[in-house]
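Shown next, in structure tokens, is the structure this report addresses.
The values are calculated or read from the model by the stated rules, or taken from the named source; none is laboratory data. This one's a predicted model, so the numbers in the text were calculated from it and none came from an experiment. Heads up, the Cβs are rebuilt from the backbone with ideal geometry, glycines too, and the neighbour counts pull from every protein chain shown.
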Amino acid sequence: MNVKHLMTAVTMTACAFPAAAAWDSFWRVSSAKYEPGDCITPTDQSLSFHGQYARVEGVLDFDGTAQPGTYHLLFPDYVPRTPLFAQSIDARTERVDDEFCAYPQVD
């Protein structure tokens with residue numbers, strides 16, 4: 001392989017990595033089971049918020065990691081250690097009616 005072909009290969013590879021990372025991030029976030037505004041509850045007792053309801057505030061992706069997307073959850077009656085939960089909760093939660101995530105009215 002001559003120098004010109006080597007430089008072309010190096011340039012194409014360098015340009016492909018950011019594009020592949022962006023595609024991977026898009027795929028992971030867009031493949032999330034839930035979207036902002038959904039109200040969810042655990043179906044698995046081992047989850048720290050079992051028995052509680054949470055509204056999905058957002059779906060985040062931590063670029064540069066092999067981890068799936070992360071949900072930002074807001075709880076009406078529970079204070080978790082962190083509001084961030086890995087997308088792996090998808091298999092252990094279900095969507096419920098929005099009324100379960102309603103905040104009490106303060107008069």
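Residues in segment 69-106 that are over 22 Å from Ser46 (Cβ atoms) and of a type in the set (Val, Ile, Thr): Val106 alone.
Mind checking whether some residue in segment 74-83 is touching an Asp or Glu at 6+ places or on another chain (Cβ under 9 Å) and either at pLDDT 90 or above or not in a loop (DSSP other than H, G, I, E, B) (or both)? Within segment 74-83, one or more residues are touching an Asp or Glu at 6+ places or on another chain (Cβ under 9 Å) and either at pLDDT 90 or above or not in a loop (DSSP other than H, G, I, E, B) (or both). Here segment 25-51 is the region considered, the condition is being closer than 17 Å to Thr82 by Cα and buried (at least 17 other Cβ atoms within 10 Å of the Cβ), and the residue that is modelled with the lowest pLDDT is Phe49. Entry remark, segment 84-100: residues being among the hydrophobic types (A, V, I, L, M, F, W, C), loosely packed, with under 15 Cβ neighbours inside 10 Å and either under 10 Å from the mean Cα position of the chain (by Cα) or not in a helix (DSSP H, G or I) (or both) number 3 in total.
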